[in-house]
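Dropping the structure in here first, questions after.
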Amino acid sequence: MICLGIESSCDETSVAIIKDGREVLANVVSTQIPIHKKFGGVVPEIASRKHLTNIAFVVKEALDNANIDFKDIDYIGVTYGPGLIGALLVGVAYAKSLAYALNVPIVPTHHIEGHIAANYLTYKELKPPFMALVVSGGHSHLIYVKDYTDFEILGKTRDDAVGEAFDKVARVLGLPYPGGPEVSKLAKEGKHTYDLPKTKFENFDFSFSGIKTAVINIAHKEGDNLRREDLACSFEDTVTDELVENCMKAMKKYNINRVVLAGGVSANLVLREKLLKASKERKYECFLPDLKYCTDNAAMIASAAHFNYISGKYYDIKEKLDLNAVANLKIGE
Ligand code: KG4
Ligand code: ZN
């Protein structure tokens, strides 16, 4: 079965062609990062407009790369939330029109289910159940993936997402958007010398706004004496510890012995190393997504769509025309 997947929830216009949920025939990602960089972050209105001008070309390129035609598509998977509403609407409206024109089913897909599915593309044998540590610009979640389409949230951030904290810390340190990779690069040159607060809750929730404020306060207090690389390193070391420690604690409590990493921050090498090491020590299996599937892409969306499709979660577009984008779509609730 051939799925055409569309992702437009934030600042990447991406279209992929996937066979049977795991085999990537094409994955075109048209990033808007250079455009938003000038503004220090994503400008939603510009993002929507760029998706609109890009999408038809990205679809064409994906079909060409996969060497297939519109008539070969069996169904269409599309991110319908969460994300920027204007950006999501472009992908959803395009997917609906295409599904209507081709007379194929449409599979509305959750962005975070896509991030988790990035691991199915990397590990062909991977099957639920497992724990997913989801770390992106909008999410920091511990999710028990009971089955391909059955999710239970065990913990989540009470304030900022970890990627958001990386981006804000980058701004304080004078680094460009997106901040995560920049903070990480700078951190490599530094040492963990600044003492930063870690949060602990009774349950498995996270919080990253306290550490973000502590970083801002240190930067202001130190002024010209600030050792930027040391502050970047202290921040990265502290938040990755918090993520891994909380994840291991939850796995022990729920008796889960396999973990997958998911979301844009899963490209962070320190986090990858720590999760792998902690898992090895406890004899847990650990799965890290291929770097090219960590940040937003349509291949992961098409993979998640496949598993929704085979469990019957799809629409005949001619019977149900009212599919809409949902900016704050929840998972597992
Ligand atoms: O999943 P994603 O592409 O978009 C959302 O769904 O939010 O994640 C983007 C986030 C940004 O906050 C970015 O700074 C962060 O992932 N990120 C990283 C790294 N690469 C991307 N954070 C830390 N280290 C990285 N290497
Ligand atoms: Zn994402």
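Given Ala16, Ala26, Ala62, Ala99, which one is out of contact with any Pro (no Cβ under 8 Å at 6 or more places or on another chain), in contact (Cβ under 8 Å) with a residue 40 or more places away in the chain, closer than 28 Å to Gly332 by Cα and not basic (Lys, Arg)?
Ala16
Search region 72-93 for residues that are in the same structural domain as Ile55 (by TED's automatic domain parsing) and pair each with any residue that is part of a helix (DSSP H, G or I) and of a type in the set (Asp, Glu) when their beta-carbon atoms are under 9 Å apart and the residues are at least 6 apart or on different chains.
Matching pairs, first to second residue: Gly86/Glu45.
Sticking with this structure for a sec: Scan region 201-254 for residues that are under 20 Å from Arg272 (Cβ atoms) and among the small types (Gly, Ala, Ser) and jot them down.
Result: Ala232, Ser234, Ala250.
Another one. Out of Lys60, Lys19, Lys37, Lys96, report the one residue that is within 16 Å of ligand 1 (Cβ to nearest atom) and over 18 Å from the mean Cα position of the chain (by Cα).
None of the others qualify; the one that does is Lys37.
Name the residues in region 245-265 that are farther than 21 Å from Gly114 by Cα and within 14 Å of ligand 1 (Cβ to nearest atom), would you?
none
What number of residues within region 211-237 are buried (at least 20 other Cβ atoms within 10 Å of the Cβ) and not charged (D, E, K, R)?
7
Related question: Residue by residue through region 186-208, note down the ones that are at pLDDT 95 or above, surrounded by fewer than 21 Cβ atoms within 10 Å (Cβ to Cβ) and closer than 22 Å to Ile153 by Cβ.
Phe204, Asp205, Ser207
Given the structure, is Ile317 under 26 Å from Ser48 (Cα atoms), of a type outside the set (Lys, Arg), away from ligand 1 (no atom under 16 Å from the Cβ) and touching a residue at least 24 places away in the same chain (Cβ under 8 Å)?
In short, yes.
Looking at Lys283, Lys249, can you tell me which residue is on the phi > 0 side of the Ramachandran plot and modelled with pLDDT of 95 or more?
Result of the check over Lys283, Lys249: Lys283.
Does region 227-240 contain at least one residue that is within 27 Å of Thr122 (Cβ to Cβ) and within 16 Å of ligand 2 (Cβ to nearest atom)?
Looking through region 227-240, none of the residues is within 27 Å of Thr122 (Cβ to Cβ) and within 16 Å of ligand 2 (Cβ to nearest atom).
Could you go through region 51-63 and let me know if any residue there is within 16 Å of ligand 2 (Cβ to nearest atom) and within 24 Å of Lys292 (Cβ to Cβ).
Checked against the condition, which is being within 16 Å of ligand 2 (Cβ to nearest atom) and within 24 Å of Lys292 (Cβ to Cβ), region 51-63 yields at least one hit.
Are there helices (runs of 4 or more DSSP H) fully within region 83-185 with at least 3 residues that are surrounded by fewer than 20 Cβ atoms within 10 Å (Cβ to Cβ)? List them.
Correct list: 85-102.
Yes/no per residue for (1) at pLDDT below 95; (2) charged (D, E, K, R); (3) within 16 Å of ligand 1 (Cβ to nearest atom):
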residue	(1), (2), (3)
Lys127	no, yes, no
Gly138	yes, no, yes
His141	no, no, yes
Val145	no, no, no
Thr157	no, no, yes
Asp167	no, yes, yes
Leu173	no, no, yes
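Something else about it: In this structure, is Ile55 β-branched (Val, Ile, Thr), assigned to a strand (DSSP E or B) and in contact with a strand residue (DSSP E or B) (Cβ under 9 Å, 6 or more places away or on another chain)?
No.
Right, here's the next one. Spot the failing condition for Asp205; the list is (1) within 16 Å of ligand 1 (Cβ to nearest atom); (2) within 23 Å of Tyr284 (Cβ to Cβ), and only one is missed.
(1)
Do you know which residues across region 70-95 are closer than 17 Å to Thr53 by Cα and more than 14 Å from ligand 2 (Cβ to nearest atom)?
Hits for region 70-95 are Ile85, Gly86, Leu89, Val90, Val92, Ala93, Tyr94, Ala95.
For region 158-180, how many residues are among the β-branched types (Val, Ile, Thr) and under 15 Å from the mean Cα position of the chain (by Cα)?
So the answer is 1.
Still on this model: Restricting to region 268-283, give me the number of residues that are surrounded by fewer than 18 Cβ atoms within 10 Å (Cβ to Cβ) and either out of contact with any Cys (no Cβ under 8 Å at 6 or more places or on another chain) or not assigned by TED's automatic domain parsing to the domain that holds Lys252 (or both).
Matching residues across region 268-283 total 7.
The values are calculated or read from the model by the stated rules, or taken from the named source; none is laboratory data. No experiment lies behind these values; they were computed from the predicted model shown. Using ideal geometry, Cβ is built from the backbone for each residue, glycine included, and neighbour counts are taken over all protein chains shown.
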